[in-house]
1. Sticking with the crude label model, points 7 Å out along Cα→Cβ, report the distance from B:Glu125 to B:Asn58 in nm, one decimal please.
2. Can you put A:Leu302, B:Leu264 in order of Cβ neighbours within 10 angstrom, beginning with the fewest?
3. Figure the gain on full extension for B:Leu135 and B:Leu75 (residue separation times 0.36 nm, minus the Cα-Cα span) and round it to one decimal in nm.
4. Quick check: pseudo-label points 7 Å beyond the Cα along Cα→Cβ at B:Phe275 and A:Leu29, how many nm apart are they?
5. Computed FRET efficiency, Cβ-Cβ of A:Asn41 and A:Arg191, R0 41 Å: what is it to the nearest 0.05?
6. Between B:Ala266 and B:Lys182, how high is the FRET efficiency from 1/(1 + (r/R0)^6) when r is the Cβ-Cβ distance and R₀ = 51 Å? Nearest 0.05.
7. Compute the length gained on full extension between A:Thr276 and A:Ile294: take 0.36 nm times their separation in residues and subtract their Cα-Cα distance, giving the result in nm to one decimal.
8. Lysine pairs, Cα distance under 21 Å, 8 or more residues apart or cross-chain: how many in chain B?
Amino acid sequence: MRLVLEKREAHSYKMTVLVPIISVGVSLLIGAFVLLFSHVNPLATYVYMFIGAFGSWSAFTETLVKAIPLMLTGLGVSVAFRLRFWNIGAEGQYVWGAIGTAWVMLYWNFIPNPMLLPVGLLIGMAAGAGWAGIPAVLKAVWKVDETLTTLMLNYVAILFAEFLYYGPWRDPEGYGFPGTKPFPEEAWLPRFSGRAHWGLLLAVVAAVILWFVLSRTKWGFEIQMIGKSPKAARCQGVNIKRNIILVIMLSGALSGLAGFAEVAAVSHRLQKGIATGYGYTAIIIAWMSQLNPIAALFVALLMAGLLVGGDQIQMMMGLPAAMGVVLQGLLLFPLLAGSIFTDYHLRIIRNKGGDA
Amino acid sequence: MELITTLLIVTLRAGTSLLYATIGEIYTERSGILNLGVEGMMMLGAVTAFSVVYATGNLILGLIMAMLVSGLMALVHAFLSITMRANQVVSGLSVTLFGTGLASYLGQRLGPESNGFSLSGMSAEKFTAITIPGLSEVPILSAFLNQDIITYLLYLIVPISWYFLYRTKHGLTLRAVGENPKTASAMGSNVSKIRYIYTLVGGMLVGLGGAHLTLAYTPGWAENITGGRGWIVIALVIFSGWNPSRAVFGAILFGGINAVQFRLQAAGTNIPASFLNMAPYLATVVVLAVMTILSRKKRGKFASPSALGSSFSIEDK
């Protein structure tokens, strides 16, 4: 008797939904072993994490605060992955979004204060798009491997931001605090409850527009085709180079928008700790949502819950907050292992006296 | 001359972890498996080595455990990408995300209670440089002979790896599996088994590289200790043209950037530290771009294994 994987006639939609849900369970189970190994009660930990992230409205607003940048960077990474362009540079593009916005807010004195918000949004998006444009052009024109270039540029972006808030942009009245002056108050992105802000609306609108463009327009169809079969796309007369550059800049713009929202609504300045790894979690979000923009919103909420839950167990139980990141990382393994069942199914073959 | 010698000492020391991991990844990629989990495996190797040595004081046990843990992560990648035919890019990324997260968690959990369970700032046994008597006065050469035992071991591993890959039957099989798995399979090689083996071997070497960081290069554990080295390694594999002996030059180049960076920082310059710290990352982008553009003209000599990153199954005809 042996097990054989057989190709399914069609994509299994039941599996596309089931696999991510099972993955969450498996990741919690493996995470429990990590916790046991470090002498902690897993059940208590998970309960604290859940209550800390979703247990009350005020906890939920904190989860939203983290979910907003995750939604936007998750959307950005999803678009790029549709092209099979492995953009793991969302972190850097997000940081550039924050830098661009801060530049407008702090130094564009020639426009009236209330106008700083929309202009900051545009410049933040443009900065993210421009930063993503570098690896996009390198890939489209010279086929330079994008996983490496996008990732390396993350470090460069973070170090550049560090140079700014430790150096020329540092607040002279900040008592040595590594950060810029606060932005003018009229230019803050408003909050609706606690620290949760209207960046949420931006993320939802972006997701709906993306869903529409990707699934209902010719351009979306072209993107799909380039990702699945570049040869077929070329035969159909699709301009691949131009599309790579455009789509990746769009991807960078979405991450830039996340950076904008973070500084304009949460920190109100560019400061140390702006880069917290949202851009990497975005990769998990993209894959778990199977590149579906609407699903990405919900997955981002779950990931934010793990982060906030991680912070909670640090406060309540003295455990490292990194447990949240460990659980996020664990999600991908069962997800990847399970994805085979959307296209294949297991069949048991009974040999009768034959060799296996 | 003395300056060059001291710079070279630091260069080799900084390059050691890079070269171990690069050679490991060359083995893995030669078999056709792209493992982007190097950063995560290196980080886990580093934390494992340090925590084991911290707890037991046994350096050799630290190295062995680092290789085992890192190898185990490589096996996870092998299982996902070979058996489950998952996307290798995403599988490798998940190894990195999980590995860096777990290393950070363990680093804050396996330390002594007096330090809030954190390993940061703790000290333990370490590998120190061993000089060869009589030769330590010769300029340049003495830099090569003023290293720790892990680096000395590399002087053997590099030529052996080259010989293995290009002059033995097993090496030929390995390259065949990465170039054309279908033919290799028809010739009687067990493609999946070979890929499992070399992904594991690669992971273990990466673990050694990570161990060198915490036990010799900058003894002790610090959050984010690898600082992107695992990714630079992926680039070094490309620069080397998947050839272990050419990998030496890349490791020396990037070790050298580190050495010069420290030298400048210590001497005090007008260049802000942030820009100095950018150097290795910018250099990777630039060298990668230049290499890619150049290698398109000289196809063959620097080409990647043809089947790199694609899954293989006998049932797919």
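Here, each number is a calculation from the coordinates, and none is a lab measurement. A quick note: this is a predicted structure, and the numbers were derived from the prediction, not measured. So basically every Cβ, Gly included, is an ideal-geometry build from the backbone, and we count neighbours across all protein chains shown.
1. 0.9
2. On the way: A:Leu302 20, B:Leu264 14.
So the ranking, lowest neighbour count to highest, is B:Leu264, A:Leu302.
3. Working: separation 60, 0.36 × 60 = 21.60 nm, distance 4.25 nm.
Result for the pair: 17.3 nm of gain on full extension.
4. Calculated label separation equals 5.5 nm.
5. Values: r = 36 Å, r/R0 = 0.88.
So, using R0 = 41 Å, E works out to roughly 0.70.
6. 0.40
7. Details: separation 18, 0.36 × 18 = 6.48 nm, distance 2.38 nm.
Roughly 4.1 nm would be gained on extension.
8. Numbers: B:Lys169/B:Lys182; B:Lys169/B:Lys193; B:Lys169/B:Lys301; B:Lys182/B:Lys193; B:Lys182/B:Lys317; B:Lys193/B:Lys317.
Lysine pairs meeting both conditions in chain B amount to 6.
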